[in-house]
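Take a look at the structure set out below.
The values are calculated or read from the model by the stated rules, or taken from the named source; none is laboratory data. Keep in mind the model is a prediction, meaning the values are calculated, not measured. Because the Cβ atoms are built from the backbone with ideal geometry, glycine has one as well, and the counts that use them run over all protein chains shown. Heavy atoms of the whole protein, side chains included, go into the accessibility calculation; ligands, DNA and RNA do not. Shrake-Rupley method; radii C 1.70, N 1.55, O 1.52, S 1.80 Å.
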Amino acid sequence: MDGDGRVLSSVVSSQLAAHRPYGGVVPEIASREHLASWPAVAAAALEPLGLAPRDCDLVAATRGPGLVGSLLVGLSLGKALAWALGRPFYAVHHLEGHLWSPFLSTGGEPAAPPPGALVALVVSGGHTAIFAVDGAATRTLVETRDDAMGEVFDKLGKRLGLPYPQGPLVDRLAEDGDPARFALPVPRGDGAPFFSFSGLKSAAVRQLELLERQGLESDETGLETDEPGLEPGEPSAPPQPVRDLLAAFRAAAVAQLLDRLERLHRERPFPLLAVSGGVAANRLLRRELAGWAGERGVDLRLVPLAYAGDNAAMIAFAALQRHRRGDPGDALDAEPASRIPLG
Ligand code: KG4
Ligand code: ZN
């Protein structure tokens, strides 16, 4: 990334194939893959630009939250580079990376200048939260009491035998379903508003068991998908009632997000909403948010699809914001952590 927040190159090395046989992320495999992949990833990012590590003025890496073994690899590399080059080092909070990602541009344009204050919805596999951001200060307005939204998409998909990560496939299948066929819960979260997705997950699994007891034939056709790492026609498409159930599940999950946004907006209208995280790729969520924001005159900044899932550009951009605010960076004894609050 250059000083205008222009993404000069972005390389994401996918580990999905290594984890797929296990149906989820295996921490030990994840750290080993990080260790094995970084030289090729760094070369692929720098060489086409004719740059070497010594040309970098700032170095950033993720501090957490996440899997400590994997974080250790990236953080140690970042610290080593910064130390060897004598450059400032930024240990970035993963969610701070997501939070600013809607301002990144694709196609080589500079990043849009982020406003001083904003409301941000971050939806991923580990987090579901709404933040109020004012300069360097971040306050949590709503967060999940149990599962994250991406997590329940993955769990329900796993129950159906879909390969990891199941979220994008559940979304794809839900496109062919009729959400009106099943009624699934949207918890109100009265009082201090919160998100809760575990009740929705259990209700969907119970409904799935009922369908299975009625005996369902799978479609012969394979699922049309362009998900990386999957062969054409793989996995096989579940029958129509299951697709209807997935549509109802997705609709209830998205309705919960919009309910909380609506309540916050009614209490204290906000002019701009930034939406990010892996689940921000969800097709229904993107459509519903656009409609909701349009009706209320809210300036919606939806993360570009290329930067919705975890990526390094968003970490560089969060570090650049800190640098622009005059933050000199972190000491080289910065440690990774599996859990770190963000306001
Ligand atoms: O931000 P991210 O890449 O990693 C974390 O920080 O967790 O988010 C990954 C999560 C996974 O749970 C994945 O299934 C989910 O985002 N996801 C989706 C979609 N695309 C990715 N969930 C629902 N619909 C999608 N289209
Ligand atoms: Zn993430």
Practice problem: For Lys79, list the aspartates and glutamates whose Cα falls under 13 Å from its own Cα; do not include residues on the same chain fewer than 8 positions away. | Solution: Asp330, Asp333, Glu335
Quiz item: Taking the chain as a Gaussian network, Cα atoms linked when under 10 Å apart, which of Leu302, Leu211, Leu162 shows the biggest mean-square fluctuation?
Solution: Leu211
Quiz prompt | C-alpha center-to-center spacing [the stretch 241-285, the stretch 96-123] in angstrom | solution = 19 Å
Exercise. Please determine, in degrees from 0 to 90 and to the nearest 10, the orientation of helix 198-213 with respect to the longest principal axis defined by the Cα atoms of the chain, where the helix direction is its Cα long axis.
Key: 40 degrees
Exercise. Divide by every residue of the chain the summed helix terms, -39500 (n - 2.57) for each DSSP H run of at least 4, and state the resulting mean residue ellipticity at 222 nm, rounded to the nearest 500 deg cm²/dmol.
Key: -13000 deg cm²/dmol
Practice problem: Putting +1 on Lys and Arg Cβ atoms and -1 on Asp and Glu Cβ atoms, find which of Pro27, Pro113, Asn311 reaches farthest to the positive end of the dipole of the chain. | Solution: Pro113
Quiz prompt | Using alpha-carbon coordinates, inclination of helix 27-46 to the longest axis of the chain, degrees | solution = 50 degrees
Quiz item: How big is the charge dipole of the chain about its Cα centre, in debye rounded to the nearest 20, if each Lys and Arg gets +1 on its Cβ and each Asp and Glu gets -1 on its Cβ?
Solution: 900 debye
Quiz item: At a probe size of 1.4 Å, how large is the accessible area of Ser9, to the nearest 10 Å²?
Solution: 50 Å²
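Please give the length that would be gained between Lys158 and Ala183 if that part of the chain were fully extended, namely 0.36 nm times their separation in residues minus their C-alpha to C-alpha distance (nm, one decimal). Provide the component values of the computation, followed by the final result.
Details: separation 25, 0.36 × 25 = 9.00 nm, distance 2.14 nm.
Contour length minus Cα-Cα distance gives 6.9 nm.
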Quiz prompt | Net charge of Cβ neighbours under 11 Å - reference Asp330; Lys, Arg +1; Asp, Glu -1 | solution = 0
Quiz prompt | Degrees, to the nearest 10: 283-296 long Cα axis against longest axis of the chain | solution = 80 degrees
Self-check item: Computed label-point distance, nm, for sites Tyr22 and Glu267 using a 7 Å Cα→Cβ extension
Solution: 4.0 nm
Exercise. In nm, give the distance between the simple-model label positions of Glu234 and Glu109, each being 7 Å from the Cα along the Cα-to-Cβ direction.
Key: 3.8 nm
